[in-house]
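Scroll down for the structure; my scribbles are underneath it.
Values quoted throughout were computed directly from the atomic coordinates according to the rules given, and no laboratory measurement underlies them. Keep in mind that what you see is a predicted model, and the values were worked out from it rather than measured. Cβ placement follows ideal geometry from the backbone for every residue including glycine, while neighbour counts extend to all protein chains displayed.
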Amino acid sequence: MKIVGIADLHGEVGMLPAILKGEQPIDVLLFMGDITDFGGADDMRVIYERAKPYAGRILGVAGNCDQPDVEEFLHSQGASLDGRSVTVDGVGFVGAGKSLPCPGTTPNETGEDQFALTLARARAALPLDAKVV
């Protein structure tokens with residue numbers, strides 16, 4: 001299985017072909033936060049649609065530089081890993097979006113306790129025989 005992870009794309013949708021073209025076929029594409037640059041669901045939709053042709057499955061979480069509705073968009077596509085686990089061909093993926101508080105103010109932060117609960121909830125839902133990524 002080929003898994004490609006992208007963190008901190010920050011809305012640079014034009015970079016996707018350069019990043020992904022040589023990696024095909026991609027079984028699972030992971031967006032690991034800061035997908036947009038303080039953008040929302042409309043920005044995420046553009047990125048998601050541009051990435052779809054490269055991967056069999058897209059999964060991800062919104063980061064601190066994404067508006068909260070980025071997570072809502074991922075959820076609407078069945079791609080959100082925030083507090084969830086997904087198994088693809090026996091490989092388990094778990095996730096927690098947002099970030100812990102930053103020195104500056106960003107739109108999508110959470111506290112340590114909530115972050116730990118979100119991750120624990122995701123892990124608890126994963127089948128015991130899955131390999132965890």
Original post:
Out of the residues in the stretch 61-97 that are part of a loop (DSSP other than H, G, I, E, B) and within 10 Å of the chain's Cα centre (by Cα), which is surrounded by the most Cβ atoms within 10 Å (Cβ to Cβ)?
Top reply: 62
Subject >> When residues of the stretch 1-26 are limited to those that are over 15 Å from the mean Cα position of the chain (by Cα) and of a type in the set (Asp, Glu), the one surrounded by the fewest Cβ atoms within 10 Å (Cβ to Cβ) >> reply: 23
**OP:** May I ask you to say which residue of 87, 105, 118 is touching a Pro at 6+ places or on another chain (Cβ under 9 Å) and at negative phi?
**Re:** 87
Subject >> Sole residue being farther than 20 Å from residue 19 by Cβ, out of contact with any strand residue (DSSP E or B) (no Cβ under 6 Å at 6 or more places or on another chain) and of a type outside the set (Phe, Trp, Tyr), chosen from 92, 78 >> reply: 78
